[in-house]
Amino acid sequence: MRTQVVIIGGGPSGLLLSQLLLKAGVETIVLERKTREYVLARIRAGILEQGMVNLLREADVADRLDREGFVHDGTLIASDNDTFRIDFAKSVGVPVVVYGQTEVTRDLYNAREATGGETVFEADDVCLHDVKSDAPYVTFRKDGRDQRIDCDYIAGCDGFHGVSRETIPKDVRQEFEKVYPFGWLGVLSETPPVDDELIYANSERGFALCSMRNANLSRYYVQCPLTDRVEDWSDDAFWEELKRRIPEKAADTLITGPTIEKSIAPLRSFVTEPMQWGRLFLCGDAAHIVPPTGAKGLNTAASDVHYLYHALKDHYLDNSDKGIETYSTRALARVWKAERFSWWMTNLLHRFPEQSGFDRRMQQADLAFLRDNEAAQQAMAENYVGLPY
Ligand SMILES: Cc1cc2nc3c(=O)[nH]c(=O)nc-3n(C[C@H](O)[C@H](O)[C@H](O)COP(=O)(O)OP(=O)(O)OC[C@H]3O[C@@H](n4cnc5c(N)ncnc54)[C@H](O)[C@@H]3O)c2cc1C
């Protein structure tokens, strides 16, 4: 087979890139290790920055998002029992949109199928070859048969555990990592959200987040030790712990019910540099991970897609390679700002096992400054709704 761009990974990064390129007339083949059903069953992000919404509109996959997504003009922050609001509309005039990653992915798959874009599911043993040459190619196995695709470029959109990043030699790659000493226990429940907006809570017992996917689907999280296992947490134990960590008013009105998904995610900050090597470009979680505090994972994947899409479009349509040559630098400049924001929010809102009295006072002072200072609120709002591309 031959195509212009092989995209490894059929998650949100790979699918969005493929739809944008298809619209621009650039040929792609997407190789996904799992089945479509498996990818769609993964419950992950749910808050979209305006930049990502615009990109989905540009890819012609935002009809349902525009109809069903919830526009949020602010978010609530609770410190023990003191709650204040960051008003995005007042501070920066831009909202975020609540729409699940599962739905984004479903819309992208539907659009890809409707437009005849080629996706190979259950592609095993994907391997990248001659990436530093002018004639790279990708091999994989499908239904027991070895296959090969020759191409001009390869987009590594295969997430944190993919093969693309590992293709870049160790002496070229620099990796930066911070692993946090706790995880998030998350549940999904078919109950109405406790509030119209998200509540980020820093409590004596640890962090909690009240989030949502739609009017009858809530997503709640509590910080937990890394040694906890999902089986240790009954639904009742989860709801009781959540109630103890969120403001009283919210705890009193919280509607509980059976959970339909429960998982524990470790928290990690990670960046690899550079994000390009020869004809391979890394995109999304393949290149970087953030802790979910601040909802930057999916959105930062989208900003990489923006830079890569324009770089490839300029190459094929305008004969310009400037975007290709500067992809890594431009993407990383924004990635590091998202990393900083996620790290800052994580430090602001969690209880750390080794936290001293001084550290706790610093956290409280940081929270009080944010509550009382409009410039601090504006800085937070600018980062939360997404820095410009
Ligand atoms: C448990 C969890 C909860 C999260 N919650 C949030 C949140 O609340 N807010 C937020 O903003 N972000 C969240 N994130 C992060 C967000 O989901 C990711 O940033 C986003 O999925 C990145 O998209 P991606 O396409 O780059 O990577 P992925 O979604 O990981 O997609 C990569 C795809 O590549 C495929 N693949 C992997 N290896 C290969 C291979 N060798 N060959 C072919 N295909 C391969 C995978 O099957 C997958 O479909 C969460 C992540 C996790 C894991």
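Which one, R340, R229, R371, has the greatest fluctuation when you compute a Gaussian network model over the chain with C-alpha springs under 10 angstrom?
R229
Quick check: the angle from helix 12-24's long axis to the longest principal axis of the chain, C-alpha only, nearest 10 degrees?
The two axes meet at around 50 degrees.
Sort C127, C157 by accessible area with a 1.4 Å probe, largest first.
If we order C127, C157 from most to least accessible, we get C127, C157.
For a quick check, take a GNM of the chain with Cα springs below 10 Å and name the residue from L40, L280, L15 with the largest mean-square fluctuation.
L40
Nothing charged except the Cβ atoms of Lys and Arg (+1) and of Asp and Glu (-1): what's the magnitude of the dipole of the stretch 319-389 about its Cα centre? Round to the nearest 20 debye.
Magnitude of the dipole: close to 60 debye.
In the chain, what % of DSSP beta bridges are antiparallel (nearest 5)?
75 percent
Taking Cα pairs under 8 Å and at least six residues apart, what relative contact order does the chain come out at, in percent?
The value is 20 percent.
What does the accessible area per residue of the stretch 219-371 come to in Å², with a 1.4 Å probe and no ligands, DNA or RNA counted? All intermediate terms of the calculation are to be shown ahead of the outcome.
Numbers: 6710 Å² over 153 residues.
Per-residue value: 44 Å².
Computing the accessible area with a 1.4 Å probe over protein heavy atoms, can you report the carbon and sulfur percentage for the stretch 153-224?
Details: 1220 of 2690 Å².
Using a 1.4 Å probe with all protein chains present, the stretch 153-224 comes out at 45 percent carbon and sulfur.
For helix 101-114, what angle does its Cα long axis make with the longest principal axis of the chain, in degrees from 0 to 90 and rounded to 10?
Helix 101-114 and the main axis of the chain meet at about 30 degrees.
Please give the helix 235-245 orientation as an angle from the longest Cα principal axis of the chain, in degrees from 0 to 90, rounded to the nearest 10.
Around 70 degrees separate the two axes.
For the stretch 73-127 and the stretch 245-308, what is the separation of their Cα centres, given in Å?
Result: 10 Å between the Cα centres.
The values are calculated or read from the model by the stated rules, or taken from the named source; none is laboratory data. In this text, all values refer to a predicted model and were calculated from it rather than measured experimentally. Ideal geometry is used to build each Cβ from the backbone, glycine not excepted, and the neighbour counts take in all protein chains shown. Protein only, heavy atoms only, side chains kept; ligands, DNA and RNA dropped before computing areas. Shrake-Rupley method; radii C 1.70, N 1.55, O 1.52, S 1.80 Å.
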